[in-house]
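Here's the structure we're looking at; comments come further down.
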Amino acid sequence: MAKSARQSSGTPATIHDQKLERGNGGELHQIAEGDTPVLTTAQGVPVADDQNTLKIGERGPSLIEDFHFREKIFHFDHERIPERVVHARGYGAHGYFETYESLAKYTRADIFQRAGEKTPAFVRFSTVAGSEGSADLARDVRGFAVKLYTKEGNWDIVGNNIPVFFIQDAIKFPDIIHSVKPEPDRGFPQAASAHDTFWDFISLTPESMHMIMWVMSDRAIPRSFRFMEGFGVHTFRFLNAKDESTFVKFHWKPKLGLQSVVWNEALKINGADPDFHRRDLWDAIQSGNFPEWELRVQLFDQDFADSFDFDVLDPTKLIPEEVIAPIALGRLVLDRMPDNLFAETEQVAFMTQNVPPGVDFSNDPLLQGRNFSYLDTQIKRLGSTNFTHLPINAPKCPFHHFQQDGHMAMRNPVGRVNYQPNSFGEGPRESAQRGFRSFPEAMDGQKVRLRAASFADHYSQARQFFNSQTAPEQKHIGMALTFELSKVETSVIRERMISHLLNIDEGLAETVADKLGIKELPKPADAAVAPRDDLEPSPALSILANGPDSFAGRKVGVLVSPGADASLLKKLRTAIEKEGATVEVIAPKVGGVEAADGTMIAAKHMIDGGPSVLFDAVALVLSEEGAERLAGEAAARDFVADAFAHCKFIAFTPGAAPLLRKAGVDPKADEGLIGLGDAKAIAGFIESCRKLRLWSRETAVKL
Ligand code: HDE
């Protein structure tokens, strides 16, 4: 009999500079060189062979006695937990919140008492409709959920990047979500609202029209999590030490300004890099460019609430920032990626009802419904009432209670007494002074199922939003509506949507109807309250009016060819990095190119894998011969043609002319094409890039 060969793992190689091991207390230790830990079972039994199951003879049946194999496969079979029913695809990071100054006048929330106080935070960004493995650039709302581990308990602000919502009452949530998810008979489309059931529901739900304007705007295709706002959406209350109430709305403002992509770009990014947003956050934090947001609040009293045009309890309405100017309370900085995506980002449990003393709810019916849902959903997803024992969910302040047992209990109370009151003088007691108190709002009414008349105006703020957009943004809304409705097969749904648009903006309705081939406009939809014309536009609602004033945090893709000018590239890189932006080099081949001076230029991407949609601006540093060659490659022509069509700034060396020509781009077409002759030209390129896009080109390229 031939001697059996045992498959061996050999010496484990490490591609990391350091090997890390987690101690019992969860802390990370560096493992000394040559001190590789021994593989064990989950019970700690050292393993001799992890390559072969235990068998009778080398070709015989496997033995059930093989406890290592059984444990390994058993655990693997149970690795998946249900994904979130909404917001399944998400990406999180750790950081901190730093309070600017005391807000004790309005709230006794501990986090706002002391200037300079730093509170640990965890943030999870997400898309809503797609499943965990869907692509980042879906047209969708983005979740913006913030967990603040305050000294008086965890506070979760579970918000979105859009300040209003589709529905007014939580009872409609399953309906809207069912309608946007893949259709139940066919199981598609994934992570897309462009299908019949979504638009059917929307067209039958006039209260969603304001939100629809936002979701059809570029807000729903952000360039990066780092460049989007967050909103608490609902009206909450602050309560001060005397339990006096002030209404509050929460806004997160990105330090780097707002930025989105265009739809054609989004489609291509999803193909080129479905993890575009994740990668962006990972890269930024790993390279020390910590993203930052300012927490601003709109504060108002009952008198304002009574006199405001809309009901402050209605989550389909906002209070324009020009009406109540937000006040800055502090800054949120994200500076550390989780060690493990599952343990932290997947298992984190956000709950709207997690509020500390000094923060309270309003009667917004959507918020009230959420306060039920978020606790309930954690049992389904995390499988035990003890999900608060997971490190990511546990408070970081002292906590004492008598809740015990249950699945996976890791921290039962010690001692004899697990109740109160008790005669043993043991255990925690409540504190009237420190404890959470609700605002003692006087309530009186009949038990009814009714929608308040003050919630009935569904079009005025939708119109105000549209009127507050710049011309390119208005155009994008029209294009998005056209695209989405073009995917709707049922004509009556398309027409019903046009009848709503007529109540928002006639021009918009006509443009979309024309593209959809609707010859005769339908009647405007019946409106419970006639849409108003007198709401002032709110510039704060526009992305383009609130862009950055620098190119910091953005990325330039530089396409190089053999024979490129290395010293020019160096100058370009220095100038871009000085601006706080980054450079990635793209070359015809993996590994880079040899420059004219014989030096090697390293590249991050090969042309096929580094399309221009991944960058905010591009530069072509090419020799004439290199450009001639690249002109024969579809990927290189697309690189240039797309950058041009997406209104990006394009810098180029004189040698790039053959490629520009073949890509159909006239180097003199507009001021967004910048010849790289000298250092002055580089400065000009960077100055242009601060505008992010040359929107005036859009009409010419018919995006
Ligand atoms: Fe959520 N939502 N939601 N939602 N939501 C969830 O909770 C729900 C709503 C939001 O990164 C679920 O733990 C109801 C508005 C974010 O882990 C679930 C209603 C806003 C996240 C749930 C709403 C949000 C969720 C699913 C209508 C913006 C992701 C998994 C009444 C203000 C948090 C989970 C994360 C997640 C219910 C409406 C934001 C099922 C019933 C409005 C950012 O509980």
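Just a few scattered comments:
- Residues within region 58-86 that are closer than 26 Å to Asp339 by Cβ, open to solvent by 40 Å² or more (accessible area, probe 1.4 Å) and not β-branched (Val, Ile, Thr), tallied: 11
- Where a residue in region 482-510 is without any contact (Cβ under 8 Å) to a residue 60 or more places away in the chain and its partner, wherever it lies, is surrounded by fewer than 16 Cβ atoms within 10 Å (Cβ to Cβ), with Cβ under 6 Å and at least six apart: Thr482/Lys515
- Condition check for Ala191: aliphatic (A, V, I, L, M) and at positive phi: yes
- Residues located in region 380-398, provided they are more than 10 Å from the ligand (Cβ to nearest atom) and either open to solvent by 80 Å² or more (accessible area, probe 1.4 Å) or touching a Leu at 6+ places or on another chain (Cβ under 8 Å) (or both): Thr385, Leu390, Pro391, Lys396, Pro398
- For region 507-561, residues that are part of a helix (DSSP H, G or I) and open to solvent by less than 30 Å² (accessible area, probe 1.4 Å) total 6.
- Candidates Ile504, Ile477, Ile493, Ile498 - the one that is among the aliphatic types (A, V, I, L, M) and either surrounded by fewer than 18 Cβ atoms within 10 Å (Cβ to Cβ) or in a loop (DSSP other than H, G, I, E, B) (or both): Ile504
- Qualifying residue in region 113-121 (condition: more than 16 Å from the ligand (Cβ to nearest atom), surrounded by fewer than 16 Cβ atoms within 10 Å (Cβ to Cβ), of a type in the set (Ser, Thr, Tyr) and not in a helix (DSSP H, G or I)): no
A quick yes/no check of all residues on (1) within 22 Å of Pro472 (Cβ to Cβ); (2) of a type outside the set (Gly, Ala, Ser); (3) open to solvent by 10 Å² or more (accessible area, probe 1.4 Å):
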residue: Arg637; (1), (2), (3): no, yes, yes
residue: Phe644; (1), (2), (3): yes, yes, yes
residue: Ala651; (1), (2), (3): no, no, no
residue: Pro654; (1), (2), (3): no, yes, yes
residue: Ser688; (1), (2), (3): yes, no, yes
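- Which numbered condition Ala93 misses (of (1) among the hydrophobic types (A, V, I, L, M, F, W, C); (2) within 16 Å of the ligand (Cβ to nearest atom); (3) open to solvent by 50 Å² or more (accessible area, probe 1.4 Å)): (3)
- Looking only at region 362-379, and only at residues there that are farther than 26 Å from His389 by Cβ and surrounded by fewer than 19 Cβ atoms within 10 Å (Cβ to Cβ), the one that is nearest to the ligand (Cβ to nearest atom): Gly369
- Counting only residues that are in contact with a Lys or Arg (Cβ under 8 Å, 6 or more places away or on another chain) and assigned to a helix (DSSP H, G or I), region 660-694 holds 4 of them.
- Qualifying position, being under 18 Å from the mean Cα position of the chain (by Cα), touching a residue at least 12 places away in the same chain (Cβ under 8 Å) and surrounded by fewer than 20 Cβ atoms within 10 Å (Cβ to Cβ), among Phe227, Phe165, Phe231: Phe231
- Complete set of residues in region 127-163 that are in contact with a His (Cβ under 6 Å, 6 or more places away or on another chain), within 13 Å of the ligand (Cβ to nearest atom) and of a type outside the set (A, V, I, L, M, F, W, C): Gly143
The values are calculated or read from the model by the stated rules, or taken from the named source; none is laboratory data. Given the structure is predicted, the values throughout are model-derived calculations rather than measurements. Glycine gets a Cβ as well: all are built from the backbone with ideal geometry, and neighbour counts include every protein chain shown. Ligands, DNA and RNA are stripped out before the accessible areas are found, and what is left, the full protein with its side chains, is counted by its heavy atoms. Shrake-Rupley method; radii C 1.70, N 1.55, O 1.52, S 1.80 Å.
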